[in-house]
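Remarks on the structure that follows.
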Amino acid sequence: MKIYNTISRKKEEFNTIHKGIVNMYVCGPTTYNFIHIGNARPMVVFDTFRNYLASIGYQVNYIQNYTDVDDKIINKSKEEGIGPLELAAKYIEEYRKDANSLRVKEATFHPKVSENIEEIIEFIDTLIKKGFAYEVEGDVYFDVRNYKPYGKLSGKNIDDLKSGARVEIGDKKRSPLDFALWKTAKEGEINWVSPWGNGRPGWHIECSTMSMKYTKSPTLDIHGGGQDLIFPHHENEVAQSEGYTGKPFVNYWMHNGFITVNKEKMSKSLGNFFLVREILEKFSGEVIRYFILSSHYRNPIDFNDGALVESEKSLTKLMTAYNNLEKLINDNRDNQNDILENEFTKIEEKIEKALQDDFNTALAFSFFFDGSKIVTKAIKENLYNQKGLEKAFSIFKKYLVDILAVLPFEKVEEEVLEGDDNGTFNKVMEILLDVRNMARKDKNFAYGDLIRNELTKLDIEIIDTKEGSTWKKK
RNA sequence: GGCGACGUCGCCAAGUGGCUAAGGCAGAGGUCUGCAAAACCUCCAUCCCCGGUUCAAAUCCGGGCGUCGCCUCCA
């Protein structure tokens, strides 16, 4: 297994600290809003990696935090007129709904900041005692100058950073690079009692504290997140964690690329984001998941409606093959030909090779398109037997259903036409189709085609199948 | 300005030294269908530019040009 490590900028052979166990931490959401498709990428990507690692025999201890104490939450809670923790709880619920739609499974632990304050205070206190942090008027800052390797993850050096750093008016920090571990509470803000007065944790400290607590280990095997977290968030985590333990914090740093819109980064501050909630109205979660996994996780992907339409079509192709296999699986055909078994043995090897190489999910998918072709051909030409079917089906199931989790899926139902309140329109359409089919039965195709053509002009498509005729809005 | 990533068919996207440069979408042709749709089959690129290393480069090195990200909350 090879994994690209941000800190070395190379693919490295993956070895865990404890044999057979992976301790993996991925930065979770700050829960003050619905999530957008950009937030969905790390969720989907790391969920998939977790599934894969489990499939090759690791016990994966997967931790994802919920940041429920934060400036943005405090501000939003004022707007919505409810308490910050209440607001966070509400959006955690919403987050879980979206995660569920995207087939992202629960982590082993989902620790919250508000439930780990005691540990955070202990962590900060130790940093002060070790000389890595200092207190000023109720605030506590990490002293970057005292942590020499600062910058090793993001490849920056302290002097460059200093010259470009923003100095805020009234800043109490000794150096502009120092970051807050503990913030004094402003009037009326949520706060906890600490040795430095009432306040709350800074942003970075939670990840260090909770990752160590829930893995019971000073060193993580894998720490993941979006590329934009490399600096300063992850850099700061390294500093405070290694300051605290004196041991390496993370063995493999993994960072996913961005989702862009018209080649521009999607972000809340730019306002060019699409909520997962909105997209789910038009496409199923599996389609979104396929869209994300059909590029390598470190590459940028550009989001647009067309891309999802394309993803849906591609996925439909795989779905068709999967359905065909499922239908025939109990056929008990006794045939000497073992083409499916042979081909799918080879396909599985290729898939494994792809996933072993820094989780190349895009490449893995391509083998399923080849596989689908083979399935179709074998069925059509009657060149299959029970063993072959079972082999092919088990490969589809293992990877597409369980690990990549994009099958089975259902297309999101087309909405009924505007202005249709109680199904009247659907009934009218039914009548129209009945009339047309009566005409077709009488071989009066001119009438039938007239109806079809006129409806086509209204963007309504008629589809004839053996079972009957249906329609959909284009 | 500092650091980093990337540039492969009309679009998306694998491939990082050597068989015919994967796969998907779109397009073309065909099978099927009363006609359509769906499904299925077939076809469709020498890799941004220039120079170098090598028996051999999309793949390594140098130089351009271009795109994007981080350096401020952000997945």
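The values are calculated or read from the model by the stated rules, or taken from the named source; none is laboratory data. Quick caveat, the model's predicted, so the values are computed rather than measured. All Cβ positions, even for glycine, are placed from backbone atoms using ideal geometry, and neighbour counts span all protein chains on display. For accessibility, only protein heavy atoms count, side chains too; no ligands or nucleic acids. Shrake-Rupley method; radii C 1.70, N 1.55, O 1.52, S 1.80 Å.
Structure data summary
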| item | result |
| --- | --- |
| Kirkwood Rh and Cα Rg combined as Rg over Rh, evaluated for chain A | 1.07 |
| Of all DSSP beta bridges in segment A:1-87, antiparallel share, percent nearest 5 | 35 percent |
| Neighbour net charge for residue A:129 - beta-carbon separation under 15 angstrom, K R +1, D E -1 | -3 |
| Solvent exposure ordering (accessible area, 1.4 Å, most first) of A:473, A:129 | A:129, A:473 |
| Angle between chain A longest axis and helix A:37-55 axis [Cα atoms, degrees, rounded to 10] | 80 degrees |
| Accessible area of segment A:1-120 belonging to carbon and sulfur atoms, whole % at 1.4 Å probe | 48 percent |
| Most to least packed among A:268-278, A:449-459, A:218-228, A:50-60 [average Cβ atoms within 10 Å] | A:218-228, A:50-60, A:268-278, A:449-459 |
| Listed residues A:462, A:191, A:266: farthest to the positive end of the dipole of chain A (Cβ charges) | A:266 |
| Computed FRET value (nearest 0.05) for residue A:458 with residue A:390, which takes r as the C-beta separation and R₀ as 45 Å | 0.45 |
| Distant-in-sequence amide H partners of residue A:60 (H built 1.01 Å from N, under 5 Å) | A:22 |
| Inter-site label distance for residue A:352 and residue A:75 at 7 Å from Cα along Cβ, in nm | 5.1 nm |
| log10 of Debye I(q)/I(0), alpha-carbon scatterers only, for segment A:2-265 at 0.08, 0.11, 0.14, 0.15 Å⁻¹ | -0.32, -0.63, -1.04, -1.20 |
| Chain A - percent relative contact order, Cα under 8 Å, separation 6 or more | 15 percent |
| Under-5 Å amide H pairs with residue A:12, H placed in peptide plane, nonlocal only | A:3, A:4, A:5 |
| Residue-count net charge about residue A:346 - beta-carbon cut-off 14 Å; Lys, Arg +1, Asp, Glu -1 | -3 |
| Amide hydrogen neighbours beyond the local backbone of residue A:335, cut-off 5 Å, H modeled | A:386 |
| 15 Å beta-carbon shell around residue A:18, net charge (K/R +1, D/E -1) | +2 |
| Computed helical MRE - 222 nm, chain A, DSSP H runs ≥ 4 contributing -39500 (n - 2.57), nearest 500 | -14000 deg cm²/dmol |
| Sites residue A:105 and residue A:438, calculated FRET efficiency, Cβ-Cβ separation with R0 60 Å, nearest 0.05 | 0.75 |
| Alpha carbon centroid spacing (whole Å) that separates segment A:373-414 from segment A:435-466 | 34 Å |
| Rounded accessible area per residue of chain A, 1.4 Å, Å² | 49 Å² |
| By average C-beta atoms within 10 angstrom, highest first, the peptides A:372-385, A:61-74 | A:61-74, A:372-385 |
| For segment A:424-473, Kirkwood radius (reciprocal of mean inverse C-alpha pair distance, Å) | 10.9 Å |
| ³J(HN,Hα) computed for each position of segment A:223-236 - Karplus, 6.51 cos²θ - 1.76 cosθ + 1.60, integer Hz, glycine/proline x | 10, x, x, x, 4, 6, 8, 3, 10, x, 3, 5, 4, 5 |
| Acute angle (nearest 10 degrees) that the helix A:117-129 long axis makes with the longest principal axis of chain A, alpha-carbon atoms | 40 degrees |
| Ellipsoid semi-axes in whole angstrom, largest first, where each is sqrt(5λ) of the Cα gyration tensor of segment A:304-403 | 24, 16, 10 |
| Total charge dipole magnitude, segment A:304-403, about the Cα centre, Cβ charges on Lys, Arg, Asp, Glu only, Debye to nearest 20 | 260 debye |
| Chain A: antiparallel DSSP beta bridges as a percent of all, rounded to 5 | 50 percent |
| Rounded tilt (10° steps) of A:361-380 against the dominant C-alpha axis of chain A | 20 degrees |
| FRET efficiency estimate (nearest 0.05) - Cβ-Cβ, residue A:97 to residue A:247, R0 45 angstrom | 0.75 |
| For chain A, size of Cβ-based charge dipole, Lys and Arg +1, Asp and Glu -1, in debye | 1160 debye |
